[in-house]
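Student: Sharing a structure here in structure tokens format.
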Amino acid sequence: MRFLPAAVALLSVGSLVACASGPGPQSRFQSAVEEIARRDRAGDWNADACHRLSDEIGTLAAGELAGPAHLHAGLVLQRCGDHEQARARMQAAVTAEPSLQIARAQLALYEYDRSPMPASLDRAIAELQKAVTQRPDPDLSADLGRLLLVRNRGAQGPGASDASRAREHLEQALLFDPNHAAALHQLASYYVAQSRVPHDAMGSTLNLEQARAICLRIVQHHPSYAPVYNTLGRIDVETGELDAAATSFERARSLDDTFVDAHLNLGSVSLTLRMAARAEEAFRRAIVIRPSSYDAWLGLAVALRMKATPEQLEQEVANIEHCLDRCAAIDAARPESWFNRAILYRDRAAARPDPDLRHLSKALELLSSFLARAGQSPMHSEKVRQAHDLQRDIKQLMVFIQESRKVR
């Protein structure tokens with residue numbers, strides 16, 4: 001999912017500046033705010049317009065206009081994807097005016113985007129909650145709803161009741177603008193999440209149908225909104241339409257090449273379809289954008305292993321091991337790299353005419369490490385079942401090999 005919406009809350013001069021340094025700067029600032037709103041409505045942003053307007057607003061960053069000017073210069077830079085400079089402007093806004101809550105919320109969102117960990121997620125939610133309370137706004141409400149849905153996936157601790165709160169904030173955003181793309185999109189994501197809550201099959205189907213209907217409404221009003229195609233792909237995955245899902249993920253990333261989730265999802269569905277080369281390309285692109293993505297490195301390891309023929313596997317071992325090492329370095333607590341390293345050693349043994357018992361023993365050792373790390377987590381229950389099955393199969397294979405060698 002995209003980190004920042006296409007349109008971010010704009011504040012009027014009156015709500016920001018009690019006493020501007022003079023009518024000249026205040027009037028110029030107001031004109032700039034009006035141009036931002038006008039370009040948002042027309043959808044005619046380009047790099048030249050972004051940097052021209054950002055520079056113009058930046059020249060006003062003095063006195064009581066310092067905080068608001070830096071904030072709006074940053075908001076403009078977001079529209080042309082210059083997030084490094086936008087983040088610097090947001091930091092300058094908070095430095096100039098620590099109580100400027102929208103800037104604080106944007107910084108927290110950037111922090112979460114760079115390091116999507118529970119602590120940064122909680123901070124971003126807290127800052128957005130303060131911003132929405134201070135000044136209701138559809139973009140802020142949509143972002144808050146999105147992050148609450150992310151936290152709700154764990155369904156434990158502070159996130160246990162976040163789904164209902166997310167829906168409330170999204171509906172609040174839609175009161176401002178019934179066709180608000182980000183809010184509608186997150187509402188569709190809410191229904192996708194609800195389809196996974198244990199209930200009868202009819203309930204799951206109805207939630208997915210509701211999500212799809214909302215997505216099609218977004219496509220009608222915002223045909224170039226990349227996240228909606230990613231969510232349509234997720235819905236297709238839930239309903240088993242994997243080719244359609246791949247088409248939707250491809251559409252999402254063609255509209256926004258920096259959309260990490262679309263690359264990851266295309267990679268994942270390509271693995272399921274046994275299209276290893278396409279999966280490899282998608283995961284490599286995700287790594288370029290977000291080198292700290294555990295899922296991208298893990299997916300690349302699986303794609304490389306899947307693509308290699310038995311004769312090629314030994315040549316790819318170092319590359320696959322490197323990917324799995326990166327996973328462990330990014331998040332040592334996650335157990336998936338251990339499972340996939342076990343599969344690699346099993347496949348290395350199977351690739352030889354005379355299977356190497358050392359590789360099979362190593363696979364058993366790695367599976368035991370995976371099981372110890374996975375514990376009773378519901379998130380890993382399917383892989384835990386597979387690991388137990390693999391342990392049984394490998395042990396039986398080792399006995400068979402040993403008995404066969406005695407006969408020779």
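Student: Considering the zone a paramagnetic label at Asp393 would reach in this model (a point 7 Å from Cα along the Cα-to-Cβ line), which residues of region 314-345 have amide N under 16 Å from it?
Tutor: 339-345
Student: Taking the Cα centre of region 335-408 as origin and charging only Cβ (+1 Lys, Arg; -1 Asp, Glu), how large is the dipole, in debye to the nearest 20? Mind showing how you got there, number by number?
Tutor: On the way: 14 positive and 9 negative charges, 49 e Å.
The dipole of region 335-408 has a size of about 240 debye.
Student: Could you please rank Met117, Met275, placing first whichever residue has the fewest other Cβ atoms within 10 Å of its Cβ? Can you show the working numbers first?
Tutor: Numbers: Met117 12, Met275 19.
The fewest-first ordering by Cβ neighbours comes to Met117, Met275.
Student: Of Cys327, Pro227, His180, which is farthest along the charge dipole of the chain in the positive direction, counting Lys and Arg as +1 and Asp and Glu as -1 at C-beta?
Tutor: Of the candidates, Cys327 comes out farthest on the positive side.
Student: Wrap a convex hull around the Cα atoms of the chain, take a quarter of its surface area, and give that in square nanometres. Show your work: numbers first, answer last.
Tutor: Details: hull surface 88.8 nm².
Averaged projected hull area, Cα only: 22.2 nm².
Student: Please arrange Asp122, Asp162, Asp44 by how many other C-beta atoms lie within 10 Å of their C-beta, fewest to most. Please report the intermediate quantities before stating the final value.
Tutor: On the way: Asp122 17, Asp162 21, Asp44 9.
Least crowded to most crowded, the residues run Asp44, Asp122, Asp162.
Student: Calculate the spin-label point distance for Leu273 paired with Asn46, positioning each point 7 Å from the Cα along the beta-carbon direction, and give it in nanometres.
Tutor: Output for this residue pair reads 3.5 nm.
Student: For the charge dipole of the chain, defined by +1 on Lys and Arg C-beta atoms and -1 on Asp and Glu C-beta atoms about the Cα centroid, which residue among Leu128, Gln26, Leu300 has the Cα displaced farthest towards the positive pole?
Tutor: The residue sitting farthest along the positive end of the dipole is Leu300.
Student: Kindly rank 339-352, 231-244 from highest to lowest mean number of other beta carbons found within 10 Å of each residue.
Tutor: Numbers: 339-352: 20.4, 231-244: 18.4.
Listed from highest to lowest mean packing, they are 339-352, 231-244.
Student: When a footprinting reagent is the concern and you count Cβ atoms within 10 Å, what order do Ser293, Ser224 take, fewest first?
Tutor: Details: Ser293 22, Ser224 12.
In order of increasing Cβ crowding within 10 Å: Ser224, Ser293.
Student: Using label points projected 7 Å from each Cα along Cα→Cβ, tell me how many nm separate Asp331 and Glu35, to one decimal.
Tutor: In this crude label model, Asp331 to Glu35 measures out at 4.3 nm.
Student: When a/c is below 1.5 the answer is rounded, else prolate if a/b is larger than b/c, else oblate, so apply that to region 136-223 with a ≥ b ≥ c taken from the square roots of the Cα gyration tensor eigenvalues.
Tutor: Values: a/c = 2.50, a/b = 1.15, b/c = 2.18.
Because a/c hits 1.5 or more and a/b fails to exceed b/c, region 136-223 counts as oblate.
Student: In addition: What's the magnitude of the charge dipole for the chain around its Cα centre, counting Lys and Arg as +1 and Asp and Glu as -1 at the beta-carbon? Answer in Debye, nearest 20.
Tutor: Details: 48 positive and 50 negative charges, 228 e Å.
It works out to roughly 1100 debye.
Student: Inverting the mean 1/r over all pairs of different Cα atoms, compute the Kirkwood radius of region 335-408 and quote it in Å. Mind dumping the intermediate values first?
Tutor: On the way: mean 1/r = 0.0791 Å⁻¹.
Roughly 12.6 Å, rounded to one decimal.
Student: Hey, another quick one. For Val317 and Lys406, FRET efficiency with R0 = 25 Å and r from the beta-carbon atoms, rounded to 0.05? Kindly include the intermediate steps, with their values, before the conclusion.
Tutor: Numbers: r = 30 Å, r/R0 = 1.20.
In this case the efficiency is close to 0.25.
Read-outs throughout are calculated quantities, based only on the coordinates presented, and are distinct from any laboratory measurement. Worth saying up front: this structure is predicted, and the values here are computed from it rather than measured. Counting neighbours? That spans all protein chains shown, and the Cβs are built from the backbone with ideal geometry, glycine included.
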